[in-house]
Amino acid sequence: MHFGIFTPAQRIFRDAATARQALASQWMSAAQVSQGLGSHAPHCSHLVSQLRRAGKLLGVYVTHPSPSYRYPAWQFLPSGQPVGHLAEVLTLLREFGPFERELGGLRRSTYWGEVEWFLSPHAMLDGATPSQILATDPCRVLRAAYVEFQGEA
């Protein structure tokens with residue numbers, strides 16, 4: 001196979017990876033999130049990692065420019081604190097959604113599936129994306145996730 005020649009499937013994966021990288025480059029680093037949370041500790045990104053692992057923040061794994069997590073800004077209020085009901089929405093997505101899960105450390109989720117859910121238009125949000133509604137009406141986003149993944153209340 002000649003280098004530079006890609007199959008259609010390889011081009012799709014390459015283009016998706018490029019688009020994800022470009023999107024994540026606009027998001028906050030753990031240090032920036034920590035600062036927004038008011039932490040000035042020497043190991044400030046440790047707190048953010050704990051919150052991410054506990055399902056209280058959404059961070060996506062990227063490899064470029066160096067392996068790290070990036071945090072979408074739409075999950076934070078202007079004060080830097082996470083939006084209300086974020087943890088409950090993330091729990092629904094991870095427990096009942098079709099996204100890859102971490103299984104006893106055997107597999108690491110990159111959390112892009114959850115991001116794609118937040119960035120996709122949703123019928124219960126009148127075609128808006130959950131990320132667009134999250135800061136102003138987190139209860140509505142929680143309800144949309146609940147109905148989608150658990151059925152009618």
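Would you list the helices (runs of 4 or more DSSP H) that sit entirely within segment 1-86 and hold 1 or more residues that are at pLDDT 90 or above and not charged (D, E, K, R)?
Details: elements: 8-24, 30-36, 44-53.
By residue number, 30-36, 44-53.
State the number of residues belonging to segment 105-148 that are outside any loop (DSSP other than H, G, I, E, B) and modelled with pLDDT of 90 or more.
23
Scan segment 87-103 for residues that are outside any loop (DSSP other than H, G, I, E, B) and among the charged types (D, E, K, R) and report the count.
Initial filter on segment 87-103 (outside any loop (DSSP other than H, G, I, E, B)): 87-96.
If we keep only those that are among the charged types (D, E, K, R) as well, we get 88, 94-95.
Matching residues across segment 87-103 total 3.
The values are calculated or read from the model by the stated rules, or taken from the named source; none is laboratory data. Just so it is clear, the structure is predicted and the values come from calculations on it, not from any experiment.
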